[in-house]
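First up is the structure itself, then whatever we jot down about it.
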Amino acid sequence: MYATRCVIPVIKSPKDYQVYRISPHDTNRLAIIFDSTNANTSLTCCVEIFDVGGQTPPNRHQWAVEMFFVLKGKGIAMCDGKKVPIAAGDSLLVPPTGIHLIKNTGSTRLYTLTIMVPNEDFSELIRSGTPQELDAEDMAVLRGL
């Protein structure tokens, strides 16, 4: 039997994404799509945008699993000393406690869909950064142009 009530899904477009640079010297920005603030769930889903030569700082999560799906560009992913090339269409799953980073090795920006479950204060860290904007190049990638 189906439920008699309808749950309206949360729908967002790139113009609704909130974008942040966690630290002023960071070479990547994160555009939050869904998190505990706007979707009442313990996951963080964002588009991560890496400048040419940009990377995340090495980091680890105590309980969370983090998944990266490469939307555009190429780079390398490192986890616990292992290094693998990544490019558009590739997926990477980082287990809890794995020390990891993503680095853009291409000649254009690198874009990943990044999902962390559970949130483990990831969206709070992102939101503590400096607000940024998506530019025309970002919008073209996110709109699939």
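May I ask for the Kirkwood hydrodynamic radius of the stretch 61-145, worked out over all distinct Cα pairs and given in angstroms to one decimal?
14.0
Extension gain Asp51-Ile99, at 0.36 nm per residue separation less the Cα-Cα distance, in nm?
Gain on stretching Asp51 to Ile99: 15.1 nm.
Any chance you could run the full-extension gain for Trp63 through Val117? It's 0.36 nm times the residue separation minus the Cα-Cα distance, nm to one decimal.
Roughly 18.6 nm would be gained on extension.
Quick one: dipole size for the chain, taken about the Cα centre, charges +1 on Lys/Arg Cβ and -1 on Asp/Glu Cβ, in debye to the nearest 20.
260
Kindly provide the pair-distance distribution of the chain built from C-alpha pairs, with 5 Å bins from 0 and whole-percent values in order of increasing distance.
Computed distribution, short to long bins: 2, 10, 19, 23, 21, 13, 6, 3, 2, 1, 0.
Run the Debye formula on the Cα coordinates of the stretch 51-109, all scatterers equal and no solvent, and tell me log10 I(q)/I(0) at q = 0.28 1/Å.
Relative scattering, expressed as log10 I(q)/I(0), comes to -1.21.
Can you pull out the chymotrypsin sites (Phe, Trp or Tyr not before Pro) in the stretch 60-144 that DSSP calls coil and that have at most 15 other Cβ atoms within 10 Å?
Sparse-neighbourhood loop chymotrypsin sites (Phe, Trp or Tyr not before Pro): Trp63.
Apply the Karplus parameterisation 6.51 cos²θ - 1.76 cosθ + 1.60, with θ equal to phi minus 60°, to every residue of the stretch 106-115 and state each ³J(HN,Hα) to the nearest whole Hz, in sequence, with x for glycine and proline.
Couplings: x, 9, 10, 4, 10, 10, 10, 8, 10, 10 Hz.
Apply the Karplus curve 6.51 cos²θ - 1.76 cosθ + 1.60, θ = phi - 60°, to the phi angles in the stretch 49-61 and return the couplings in whole Hz, x for Gly and Pro.
Result, rounded to whole Hz: 10, 9, 4, 4, x, x, 7, 7, x, x, 8, 8, 10.
What 222 nm value per residue comes from the helices of the chain, counting each DSSP H run with n ≥ 4 as -39,500 (n - 2.57) and dividing by all residues, nearest 500 deg cm²/dmol?
-2500 deg cm²/dmol
So which lysines can Lys12 reach, going by Cα to Cα under 23 Å and dropping same-chain residues fewer than 8 places off?
Once the sequence-local lysines are set aside, what remains near Lys12 is Lys72.
Only the coordinates and a few stated rules stand behind these numbers; no lab work does. Source: prediction; values computed, not measured. Neighbour counts are summed over all protein chains in view; Cβ atoms, including those assigned to glycine, are modelled from backbone coordinates with ideal geometry.
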